[in-house]
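Enquirer: Here's a structure for you.
Taken together, the values in this text are just the output of simple stated rules run on the coordinates, not laboratory data. Keep in mind that this is a model prediction, so the values were computed, not measured. All Cβ positions, even for glycine, are placed from backbone atoms using ideal geometry, and neighbour counts span all protein chains on display.
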Amino acid sequence: MSACLDISNLSARLPSGQRVLRSVSLTVQPGEVRALVGESGAGKSMIGKAVLGVLPPSVRIVEGSIHLEGADLGQLSAKERRRVIGAKAALIPQDPLTALNPSRRVGPQMTDRLIHILGWAADKADRRVRQLLDEVHIREPDRVMRSYPHELSGGMRQRVLIAAAFASEPRLIVADEPTTALDVTVQKQILRLIAQLQQEHGTAILFVTHDLGVVAKISQRVTVLYAGKVVEEADTPALFADPQHAYTRALMAATPKYTDPMASLMPVDDTVLAGLAAEIAVADHDWKPGGGTGRG
Amino acid sequence: MADARALPGRRLDARLILAGAWLAIVLIAAIFAPLVAPHDPLMQDLMLERLPPFWMPGSEPGFWLGTDSLGRDLLSRLIFGARIALIVAFAAAIAACVVGSTLGLIAGYFGGWPDRIISRIVDIWMAFPPVLFAILLVAVFGTGLMSVIIAIAVIDWTRFCRVIRAEAMSQSRMDYVENARIAGFGRFRIMISEVLSNVLPSIVALLSLEMGIAVIVEAILSFVNLSISSDDPTWGGIIAEGRLSIHQAWWVLVFPLIALFLTVLSFSQFGEGLKSRFDPVLR
Ligand SMILES: Nc1ncnc2c1ncn2[C@@H]1O[C@H](COP(=O)(O)OP(=O)(O)OP(=O)(O)O)[C@@H](O)[C@H]1O
Ligand SMILES: [Mg+2]
């Protein structure tokens, strides 16, 4: 049980009965970057939200468990779960525009957690946040901390959020498509920044993305998700060298390459999709509805 | 908080200045009524009855807006009436605001059964016609300043509750609320630091609007003689008297109406102006 994050057999469904996660198992080792890829709607964010304890109320976990740093989140009371997640995990969100409270200054929003959840003294929290702002190459920490979010650019806000995520020294960071809302030139910088801080701080990251190019750059291991089901899991170099699953191969074929721009126009093959649908039907058949342990 | 929001580079809008100026005049007149009023508002003098305003023939110096049919100075009566109008406005609006905003915040942020209960109460409450409701309440509590204030607060908290509930509801779906939950903050703390901070501009605007409404309701109640004792001059009371002598002394009706109109308008404009200044994104 040395894994930083250990999700096993996690299934979740909507009130309609539709399953959004299908017996997902996934581990993130300490200090490792685990990429989670899949197309839109695959359930990537759902996994992130489950780990961070913020699933929408309509989504029910019907089986499986999540261990964060050895603590079984499903067995904890709501309050203990909040405390464990608050102390051990953090989020780098997708949209830096909506992730900061527009009517509060940036500084207090960054130190809040350190002071009120981790119990640090105010000046220690302040120093810590400044140090992190420096690490994300923000040169005027005073001005930034005194600003309201709308006074900062999107890239600046994402840096602020990255700094805030690392400031509390979490064991695990969930980065949910942290660069999709940014423009292309900024995307690269932000990605490099996350990779750099990750290495310096030794933080484990569950990196959600639909971009295989990003996967290749940042992760050591990859989990490929389709319709809430893990279809392939591998070391990143191995996945690119020799993708096992037809869907992974199709996904790779659909990823733009500079050598072959036309390849990006290829849709995922119909036969591949048909094969996936069959696999999922089999998985759903094996799974007994309502037979979950019903943890919330 | 206020300092950064008053950063230079933002022009003061005219409505905020004009509305604020009128409200300041009324407020000063109300606070310093005994010093400002040229005459005793209750002193009758049958030799001076129905004097016209200063610019008309037959006016007397010192009686700027003329006198009523008992020879009482109209300006002095309006100034003392402003006192009661503002006391009611502040007390009733703040009471309605505190009750309504708190319940609205809870309903909107927590949702679920607290929301169902609070929303149902609001629905039932709003089924009563407000003015009749006020008259009924004052009839039950008896007349007097306190019961007028209570009646207005009891009726109008729903206005705050509905608006704040809707805003809190949309706030609670925002990403930064989710982030605060991930960070480990409790629901109550999030309600205050993340949700309330964003609905505050609306609360301020509503509060100001409600003060204007309270002024009107107080005027209506005193118009139908259900407000405070009929000795004290109130704007509604003066309007009621003026109505009786409209053909002999129109000014007794017109001036309190103007005062009422300007005050109510100023309250609502002042609130809107404050809201847009307070909103860090809009400004
Ligand atoms: N609040 C919700 N209530 C019910 N169903 C939801 C909710 N949010 C998402 N879903 C459904 O859950 C499934 C997984 O959504 P999720 O957001 O995890 O996808 P994703 O892989 O993150 O996609 P994207 O790349 O677009 O972010 C989708 O089918 C979606 O329609
Ligand atoms: Mg997503």
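Enquirer: Contact order normalised by length for chain B, with contacts defined as Cα pairs under 8 Å and 6 or more residues apart; what percent is it?
Expert: Reported relative contact order: 24 percent.
Enquirer: Just counting partner chain Cβ atoms within 10 Å, what average do the residues of peptide A:97-108 show around their Cβ?
Expert: Details: counts 1, 7, 5, 4, 13, 8, 14, 7, 3, 0, 0, 1.
Whole-number average of other-chain Cβ neighbours for A:97-108 is 5.
Enquirer: Return the ratio Rg/(2.2 N^0.38 Å) for the protein assembly as shown, where Rg is computed over Cα atoms only.
Expert: 1.32
Enquirer: Please build a GNM for chain A, connecting alpha carbons under 10 Å apart, and tell me which residue among A:VAL224, A:VAL54, A:VAL144 fluctuates the most.
Expert: Comparing A:VAL224, A:VAL54, A:VAL144 in a Gaussian network model of chain A, the most mobile one is A:VAL54.
Enquirer: Only bridges with both residues in the protein assembly as shown count here: give the DSSP antiparallel percent, nearest 5.
Expert: Working: 22 of 41 bridges.
Roughly 55 percent of the beta bridges in the protein assembly as shown run antiparallel, per DSSP.
Enquirer: Here is a further query. How compact is chain B by the rule of thumb for globular proteins, expressed as Cα Rg over 2.2 N^0.38 Å?
Expert: In units of the globular-protein estimate, chain B measures up at 1.18.
Enquirer: If amide hydrogens are placed 1.01 Å from N in the peptide plane, which non-local residues have theirs closer than 5 Å to the one on A:LEU118?
Expert: none
Enquirer: Okay, next question. Which residues in segment A:48-91 have a backbone N closer than 13 Å to a point placed 7 Å from the Cα of A:SER8 along the Cα-to-Cβ line?
Expert: Correct set: A:64-68, A:70-73.
Enquirer: Another question, if that's okay. Please check: in the Gaussian network model of chain B (C-alpha springs, under 10 Å), which one of B:ILE203, B:ILE31, B:ILE238 has the largest mean-square fluctuation.
Expert: Comparing B:ILE203, B:ILE31, B:ILE238 in the GNM, the peak value goes to B:ILE31.
Enquirer: Go ahead and run the numbers for FRET between B:ASP123 and B:LEU46, Cβ-Cβ distance against an R0 of 41 Å, rounding to 0.05.
Expert: Calculated transfer efficiency: 0.15.
Enquirer: Can you figure out the FRET efficiency of A:ALA241 with A:ALA122, using R₀ = 45 Å and their beta-carbon distance, to the nearest 0.05?
Expert: Values: r = 51 Å, r/R0 = 1.13.
For A:ALA241 and A:ALA122, the calculated efficiency is 0.35.
Enquirer: If you don't mind, there's one more thing I want to ask. Within the set A:LYS124/A:LYS188; A:LYS79/A:LYS229; A:LYS44/A:LYS217; A:LYS79/B:LYS275; A:LYS44/A:LYS124; A:LYS44/A:LYS188, which residue pairs have Cα atoms separated by over 27 Å?
Expert: Correct reply: A:LYS124/A:LYS188; A:LYS79/A:LYS229; A:LYS79/B:LYS275; A:LYS44/A:LYS124.
Enquirer: Here's a follow-up. Once each part is reduced to its C-alpha centroid, what is the distance from segment B:106-130 to segment A:8-86 in angstrom?
Expert: After rounding, the separation between the Cα centres reads 34 Å.
Enquirer: List the relative contact order of chain A as a percent without decimals, with contacts defined as Cα pairs under 8 Å and 6+ residues apart.
Expert: Answer for chain A is 26 percent.
Enquirer: To continue, here is another question. Mean Kyte-Doolittle of at least -0.5 plus a Cα span of 27 Å or more along the axis: flag which DSSP H helices in chain B meet both, please.
Expert: Both cut-offs are met by B:74-110, B:145-171, B:197-223, B:251-278.
Enquirer: What shape does chain A have by the C-alpha gyration tensor, where a ≥ b ≥ c are the square roots of the eigenvalues, rounded means a/c under 1.5, and otherwise prolate means a/b greater than b/c and oblate the rest?
Expert: The shape class here is oblate.
Enquirer: Under a point spin-label approximation (7 Å from Cα along Cα-to-Cβ), what is the A:MET252-A:GLN220 distance to one decimal in nm?
Expert: Placing both labels 7 Å along Cα→Cβ, they lie 2.2 nm apart.
Enquirer: With point charges of +1 on the Cβ of Lys and Arg and -1 on the Cβ of Asp and Glu, referenced to the Cα centre of the protein assembly as shown, which listed residue (A:SER77, A:PRO57, A:THR203) lies farthest in the positive direction of the dipole?
Expert: Farthest along the dipole direction, towards plus: A:THR203.
Enquirer: Using θ = phi - 60° and the Karplus relation 6.51 cos²θ - 1.76 cosθ + 1.60, list the HN-Hα couplings for segment A:174-181 in order, rounded to whole Hz, with x at every Gly or Pro.
Expert: 9, 10, 9, 6, x, 10, 5, 7
Enquirer: Using the number of other C-beta atoms within 10 angstrom as an exposure proxy, rank A:THR203, A:THR223 with the fewest first.
Expert: A:THR203, A:THR223
Enquirer: Could you identify which residue out of B:SER268, B:SER197, B:SER69 has the top mean-square fluctuation in a GNM of chain B using Cα springs shorter than 10 Å?
Expert: Among B:SER268, B:SER197, B:SER69, the largest mean-square fluctuation in the Gaussian network model of chain B belongs to B:SER197.
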